[in-house]
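Here is the structure we will look at.
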Amino acid sequence: MAKRPQLTGRAAVLAVVVCAIAMSLAYPIREYVAQRRTIAQLQQEKARELAAIKDLDDRRKQLQDPGYIKRQARERLFYCDPGQKCYVVMGEQPSPGKGTAGEKKAVRPPWYQTLWESVEAADTGKGTKAAKAAG
């Protein structure tokens, strides 16, 4: 008996057609997946922007409240109503009601001091205090 070839002409044509179809579909499918990813990213960005808009709208409403403005003027700018006696103790920070008396915040040096320390550290070749504390 004669041996049949393993790959017939019909099988070869079928393989070529299947490869051609796969190759013609690869690029559109890749583009589709990339566009779906872009759409998902844009939807996330839209949600973030809507949240930011809501926060800003809440802040706008808060700033339109006369009671809030008066409270801020008293606490931050030390304003007083006409006829009212106000006293400010020098050397102490006004307490807006947040935290306790025993609780202290970490004091950050002014930006120019941090800048100057980094310049000095670069000049001497040593790290800054912040870099040493972090490292």
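Laboratory data are not the source of any read-out in this text; all were calculated from the coordinates shown. Nothing here was measured: the structure is a model prediction, and the numbers come from that model. Positions of Cβ are generated from backbone atoms using ideal geometry, with glycine treated the same way; all protein chains shown enter the neighbour counts.
Specify, per residue and in Å³, the volume enclosed by the convex hull of the alpha carbon atoms belonging to segment 1-48.
Values: hull volume 2.9 nm³, N = 48.
It comes to 60 Å³ per residue, whole-number rounded.
Provide the FRET efficiency to the nearest 0.05 for the L56-Y79 pair, computing r from the beta carbons and using R0 = 22 Å.
On the way: r = 26 Å, r/R0 = 1.16.
The formula returns an efficiency of 0.30 here.
For a test of the definition: using alpha carbon positions, the gyration tensor, and the 1.5 limit on a/c, classify segment 13-79 as rounded, prolate or oblate. Write out the running numbers ahead of the final one.
Details: a/c = 13.97, a/b = 7.71, b/c = 1.81.
Prolate.
Y68 versus R37, label points 7 Å from Cα toward the beta carbon: distance in nm?
Taking the two extended label points, one gets 4.1 nm.
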